[in-house]
Amino acid sequence: MVREPVVCGAFYPSNPERLKMMLADFFGEEYAPELNKLMPPSGVIVPHAGYVYSGATAAKAYKKVFQEGKANRVFLIGPNHTGLGSPISIYEKGSWKTPLGLIEVDDKTSKYLIEKINQPNDEIAHFREHSLEVQLPFLQYILNNDFQIVPICLMDQSLKTAKRLGKIIREIIEEGDLIVASTDMNHYESHEKTIEKDNKIIEAIKNLDLEAMYDSIRRYNISMCGFGTVATAISVGFTKVEIVEHITSGEKSGDYHAVVGYLSGVLSGLT
C-alpha cells in the first residue's frame, strides 16, 4: 500500500525539480554529508510547517546530524493534528510517496513496536497528517530513497506514554538509526510572548528534564504541538542535546502579532 502525499503543493513544492532547488538552497551547495559510514544512534528535533516558514530551520538540524554518517532506518515521530486513529498509530507496511519517490516502511520494526505496545493500532491517523510527511524530502535529498521509515503518530502525548515508547525504541536502536521528533513550538501569540514561552521549553530540553518541560507546558499554557514526540526521543536515553536554531514565523513573514515558534536541535550521546 502506498501512502500518497497530502500536503505537497501546499507545504512544499509538488514539482520535483522545484523541490530539489529549494532543498539545495536550504542545505547549501557546498554541503557534503558523511555517507561512507553509519551514524551513531541520533535524534533530531525539527519543525513541520510550510517550508517557506520552517524549512531552513529543519534543514540545519538534518545538515548537522548527517555530518556523523548516514541513516538506514528512521523513526518518524509526529503529533496527531487530525484526531483520527489510535492513541499511538504506527504505519505498519507499504511505502510513502513524495515528489522525490517512494520510501519503504520497515514492516518488521513496525510490527515489533505494535506488538510491544499491545494496543489496537489504527493507521487512519496517518492519512491526512502532515507532521511526518514534510520530513521525508529532507531525508530523501540526502539519502535518496536508500532508507526505511517507521512512521509513528501520537495522539496520546502523555509523559507516561512517551517514556514507555522511548524505552521500547531503546531496546532496538542501533547504528544507522535516526529518530525524528517533529514539533512546532508555541502557536499564535506575539513574537515576544512566543520567544518567552519557547525558551522555557528549550531550557528543559537542554537539561533533558522532561518533568520540567511538561510542568512548563501546563503552568504557562504553552501550545507546543509535539511535546510528546520530543519526550519520546529524549526517553530513548540520549545524554547530549544541541539547540541548532530557534525562530518564529514572524521572522519569515514579517507579521509578529500571531506567530508560531520553530526549533531545531540534535540529540546524541546514547550510552
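Please treat every number below as a calculation from the coordinates, not as lab data. Since the structure is predicted, the reported quantities are computational estimates derived from the model, not experimental observations. As a convention, Cβ positions derive from the backbone with ideal geometry for all residues, glycine included, and neighbour counts pool all protein chains shown.
Details
- Farthest towards the positive end of the charge dipole of the chain, among the residues F138, C225, G101, is the Cα of C225, using unit charges on the Cβ of Lys, Arg, Asp and Glu.
- Checking the Cα-Cα distances for K37/K60; K160/K252; K108/K163; K160/K193 against a 26 Å cut-off, the pairs over it are K160/K252; K160/K193.
- Couplings for region 259-271, taken from phi via the Karplus curve 6.51 cos²θ - 1.76 cosθ + 1.60 with θ = phi - 60°, read 10, 10, x, 10, 10, 10, x, 10, 10, 8, x, 5, 9 Hz in order; Gly and Pro are left as x.
- The length gained on full extension between L102 and S190, counted as 0.36 nm times the residue separation minus their Cα-Cα distance, comes to 27.8 nm.
- Label zone at K163, where the point sits 7 Å out along the Cα-to-Cβ direction: region 208-237 residues whose backbone N lies under 16 Å: 208-216, 228-237
- Estimated Rh, the chain: Kirkwood, alpha-carbon pairs, angstrom: 18.3 Å
- DSSP beta bridges in the chain [antiparallel fraction, %, rounded to 5]: 45 percent
- Percent RCO, i.e. relative contact order, over the chain, from Cα pairs under 8 Å lying at least 6 residues apart: 27 percent
- Residue-by-residue Karplus 3J(HN,Hα) for region 224-234, coefficients 6.51, -1.76, 1.60, Hz, glycine and proline x: 6, 8, x, 4, x, 6, 5, 4, 5, 4, 5
- Each residue of region 34-44 is assigned a 3J(HN,Hα), and the resulting list reads 8, 10, 8, 8, 7, 5, x, x, 9, x, 10 Hz, derived from the Karplus form 6.51 cos²θ - 1.76 cosθ + 1.60 (θ = phi - 60°), x at Gly and Pro.
- The Cα center of region 217-251 and the Cα center of region 31-88 differ in position by 14 Å.
- Sequence-distant residues sharing a close amide H with V44 (under 5 Å, placed H): I179, V180, A181, L267
- When each of V6, V241, V134 is scored by the number of other beta-carbon atoms lying within 10 Å, the sequence from fewest to most is V6, V241, V134.
- Shape of region 1-41, Cα gyration tensor, a/c cut at 1.5: oblate
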